[in-house]
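Please read the structure below before turning to the comments.
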Amino acid sequence: MSDRDPDLRRNAPKLQLHVPEPPFRPGDTPDFSSIQVPAAGEAPRPDSTAAAAETHSLATSLVRVLDDDAKAVGPWDPKLDADTLRKMLRDMVTVRVFDDRMYRAQRQGKTSFYMKCTGEEAIAVAAATAMDRDDMHFPTYRQQGLLISRGYPLVEMMNQIYSNRGDKLRGRQLPIMYSDKAHGFFSISGNLGTQFPQAVGWAMGAAIKGDSRIAMGWIGDGATAEGDFHSAMTFAAVYNVPVILATVNNQWAISSFSGIAGGERATFAQRGVGYGVASLRVDGNDALAVYAAVQWAAERARSNSGPTLIEFFTYRAEGHSTSDDPSGYRPTNEAKAWPLGDPIERLKSHLIALGEWDEQRQEALVAECDAAVRAAQKESERRGILPQQGNENIESMFEDVYAEVPWHIAEQRDASLREARD
Amino acid sequence: MNMIQALNDAHKVVMAADEDIVVFGEDVGYFGGVFRVTEGLQKQFGKTRAFDAPISEGGIVAAAVGMAAYGLKPLIEIQFADYIYPGYDQIVSEVAKMRYRTAGEWTMPMVIRTPYGGGIFGGQTHSQSPESLFTHIAGLKVVVPSTPYDAKGLLISAVEDPDPVIFFEPKRIYNGPFDGHHDKPVKPWSKHPASEVPEGHYTVPIGKAAVVREGEALTVLTYGTMVHVSLAAVEENGIDAEVIDLRTLVPLDLATIEGSVKKTGRCLVVHEAPRTSGFGAELVSLVQERCFYHLEAPVERVTGWDTPYPHAYEWAYFPGPKRLKHALEKVMAD
């Protein structure tokens, strides 16, 4: 008789599959009191050349600089001057205003799609501020702050969103999938995770050539489940690559919470521990903490001390995209209950606490950013909006597949032009 | 010189000429690759230009994407074509589309070399011919050499090409031509005219087929190992066939194909890969579209079967002399 005979196994307990569930669903009252929020300034700051193992306790805590009184405290305080703080605040406000305008443009039918980063503005803006201008970013789709911080023209971003005549990508990419080589911003892919090991490859190239520039790769918490995340970590560790690998844990991958990506039993930063990679978990709504962590990791990379994995702990305050309705899977007021607050409010309060800012100047700043975004929008829309596109210069669709147009694509180009004429 | 040595020589020529060429893949560094195509490169060019990679084909291709974005020219090895699937997303979604989606801002000039095909008792994970998965993807060029001379010249062309090239190496003929008779000893490459491989730099153009046997009665369209099997079969069956080695599947040399089929009026397509949606289907369609009124008989295909590659039944699977004889008779019958 086989031990597979069900009669022999009748006393064994039934096995159960665990399917993670977020703590709250629509109709529930969100309560994030179970989230451990350590006091600002508590986390130790090892030297940036320290062995990776010395950082591993930081993979479960939370690097925070701004305390409840909006004061900068502790060893991670980057001690930034007021001008830098005001520049970051301006960039973060610009991102939020830009997001609102473009969201509205999508709702008005001017483009097909948009993705806001509301609540996450500090992450890209402070990271860009902490990196050198000629370092390279391999972003995912919620790092518009990198471009804005680097002074990329808003009109250019909008042209790419509208796929209009001014779109340097010639109408081939989904809106928000920007690309700009000169601004160190790699082309965004819709296949999540691909950019993470590419960032490692770029930094390997820099190391092979003895360059001094470094790369930063970006991934969301959901996409850490892709094989590309693990390839990136393996290559980064194996070759001691001068790269910063950032996971933005905003708790949600469309409608699946971070537990479905494996975030229920360990932090995303802890994944670095197994690879022997320096690992930091950082309050992503604290611009100073973000800046300090990226600055530390950049120093580490530049001194050939190795790669760093940073988990930015934050919350996606809006829907995943304009195609998403978050009220279908989470409480509508969950963002307001998020215990780490709003990044713009926190940085503004810090500047006010320093005596370097006030509410009137904040109001003026918002108005100024709003005017700049509106002016850019007007200018971009003069070059067209999405519904007007796709009829002129159809032959351009057949260019850039290869360096030269081969015969079979040339034949298809001619056929498409005939079809357009018919 | 055999094909392995010719490919190794091509590496040395291009790496000496261009310091931005970086070679990596599983076992390619110190050891020189499981087939020894990259032997000696690490010693000659240093550890940072020829090195071993983790067993992560996705990571290998992705790192190559990052390096190409940086400005290097990666020349990478996927140890067996059967292992390419973990890297497939990076190849299809990233490598192939980067020039297009960035309107030329970022290009991916890289070569992905990989040994393909059966006939070595490699079982299903060391014997596949997945070329049609790549010919279907806009933005990739797909090259398959069949002789040492072509292998070196085409690899140098691939490295110098501005577009990404998937370079399939027919491992059954790495060491010598193969006529399909697996029970007979393989002839060494030294007895084949294309084993004379010139020193230094030369190229064989991508996108240009070779008429390897001229004939009037039938056109055989084939590539890789099957060039040799086809040549043997037409000789054995006494058919005055024109045998065309496509050498490049994308972009395809249509003019040579069209000219030949219009001349002979009959066409046989031969490849190792499975039949359904194989590259042969594309060839038959093109011939039908362009040469229909010149055809004396339906175009036939000789291919592998639509099963996973079976280890013990390798010689029942592999398209060999019997399958070719049957097809040749059928095409010539009408």
Q: With label points built 7 Å along Cα→Cβ from the Cα atoms of A:ASN333 and B:HIS181, find their separation and express it in nm.
A: 8.7
Q) Which percent of the accessible area of segment B:1-56 is formed by carbon and sulfur heavy atoms (probe 1.4 angstrom)? A) 51
Q: Mind pulling the angle between the C-alpha long axis of helix B:279-291 and the longest principal axis of chain B? Nearest 10 degrees, somewhere in 0 to 90.
A: 50
Q: Taking amide H positions as placed in the peptide plane 1.01 Å from N, state which residues far from B:GLU169 in sequence (5 or more) or on other chains have amide H under 5 Å from it.
A: B:THR114, B:TYR116
Q) In what sequence, highest mean first, do B:62-73, B:232-243 appear when ranked by Cβ atoms within 10 angstrom? A) B:62-73, B:232-243
Q.
For the protein assembly as shown, what does the helix formula give at 222 nm: sum of -39500 (n - 2.57) over DSSP H segments with n ≥ 4, over the residue count, nearest 500 deg cm²/dmol?
A. -10500 deg cm²/dmol
Q: Within segment B:110-196, list the chymotrypsin sites (Phe, Trp or Tyr not before Pro) lying in a DSSP loop whose Cβ has at most 15 other Cβ atoms in a 10 Å radius.
A: B:PHE121
Q) Using the heavy atoms of the protein chains alone and a 1.4 angstrom probe, what is the accessible area of chain B per residue in square angstrom? A) 36
Q. So how much accessible area does B:PHE31 have, in Å² to the nearest 10, using a 1.4 Å probe?
A. 100
Q: Show the residues, 5+ positions off or on another chain, whose built amide H is closer than 5 Å to the amide H of A:ALA246.
A: A:GLY217, A:TRP218, A:ILE219, A:ILE310
Q | Added length on full extension, which subtracts the Cα-Cα distance from 0.36 nm per residue, B:GLU19 to B:THR276 | A | 88.3 nm
Q. Dipole size in debye (nearest 20) for segment A:186-266 around its Cα centre, Lys and Arg Cβ +1, Asp and Glu Cβ -1?
A. 200
**Q.** Whole-Hz couplings from phi, Karplus 6.51/-1.76/1.60, listed for segment A:133-143; x for Gly and Pro
**A.** 4, 9, 6, 10, 10, 10, x, 9, 8, 10, 10
Q) What does the charge add up to near B:THR135, with Lys and Arg as +1, Asp and Glu as -1, over the other residues with Cβ less than 10 Å from its Cβ? A) -1
Q: Kindly give Rg over Rh for the protein assembly as shown, based on alpha-carbon atoms, with the Kirkwood expression for the hydrodynamic radius.
A: 1.04
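To the nearest hundred square angstrom, how large is the accessible surface buried between A and B, total for both chains, probe 1.4 angstrom? If you can, show how the numbers build up before the last one.
Values: alone 19570 and 13820 Å², together 29810 Å².
Its buried surface, counting both partners, is about 3600 Å².
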(Q) Can you give me the long-range amide H partners of B:THR219? Hydrogens built in the peptide plane at 1.01 Å from N, cutoff under 5 Å, separation of 5 or more residues or another chain. (A) B:GLU242, B:ARG266, B:CYS267, B:LEU268
Q: Could you tell me what percent of the accessible area of segment B:146-193 is made up of carbon and sulfur, with a 1.4 Å probe and every protein chain present?
A: 54
**Q.** Heavy atoms of A:LEU169 accessible to a 1.4 Å probe, total area in Å² rounded to 10
**A.** 0
Q) Over segment A:221-374, what percent of the accessible surface lies on carbon and sulfur atoms, probe 1.4 Å? A) 48
(Q) Tell me the accessible surface of B:HIS294 in square angstrom (1.4 angstrom probe, heavy atoms of protein chains only), to the nearest ten. (A) 80
Q: For A:TYR141, A:TYR103, write out the residues from largest to smallest accessible area, computed with a 1.4 angstrom probe and no ligands counted.
A: A:TYR103, A:TYR141
Q) Which percent, nearest 5, of DSSP beta bridges in the protein assembly as shown are antiparallel? A) 15
**Q.** Degrees, to the nearest 10: B:321-333 long Cα axis against longest axis of chain B
**A.** 50
Q. When you look at the Cβ of every residue in B:70-77, what mean number of other chain Cβ atoms sits within 10 Å?
A. 4
**Q.** Net charge of Cβ neighbours under 12 Å - reference A:PRO30; Lys, Arg +1; Asp, Glu -1
**A.** 0
Q. How about segment B:6-75: which trypsin sites (Lys or Arg not before Pro) there are in a DSSP loop, with at most 13 other Cβ atoms within 10 Å of their Cβ?
A. B:LYS47
(Q) If the elastic network links every pair of Cα atoms under 10 Å, which of A:LYS209, A:LYS348, A:LYS110 fluctuates the most in the Gaussian network model of chain A? (A) A:LYS209
Q | In sequence order, calculated HN-Hα J values of segment B:175-184 (Karplus, 6.51, -1.76, 1.60; Hz; x Gly/Pro) | A | 9, x, x, 10, 9, x, 8, 6, 8, 10
Q. So which residues of segment B:154-195 lose at least 10 Å² of accessible area, probe 1.4 Å, when you go from the chain by itself to every protein chain present?
A. B:PRO162, B:ASP163
Q: Rounded to whole Hz and in sequence order, give me ³J(HN,Hα) for segment A:289-306 from the Karplus expression 6.51 cos²θ - 1.76 cosθ + 1.60, θ = phi - 60°, writing x for Gly and Pro.
A: 5, 4, 4, 4, 5, 5, 4, 4, 5, 5, 4, 4, 5, 5, 9, 6, 8, x
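Using a 1.4 Å probe, what is the accessible area per residue for chain A, in Å²?
That works out to 42 Å² for each residue.
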Q) Can you give the charge dipole size of chain B about its Cα centre, rounded to the nearest 20 debye, using +1 on the beta carbon of Lys and Arg and -1 on the beta carbon of Asp and Glu? A) 140
(Q) Just to confirm the number: angle between the C-alpha axis of helix B:148-160 and the first principal axis of chain B, 0 to 90 degrees, nearest 10? (A) 50
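The values are calculated or read from the model by the stated rules, or taken from the named source; none is laboratory data. Since the structure is predicted, the reported quantities are computational estimates derived from the model, not experimental observations. Counting neighbours? That spans all protein chains shown, and the Cβs are built from the backbone with ideal geometry, glycine included. For the accessible areas, the whole protein counts, side chains as well, though only heavy atoms, and no ligand, DNA or RNA atoms are used. Shrake-Rupley method; radii C 1.70, N 1.55, O 1.52, S 1.80 Å.
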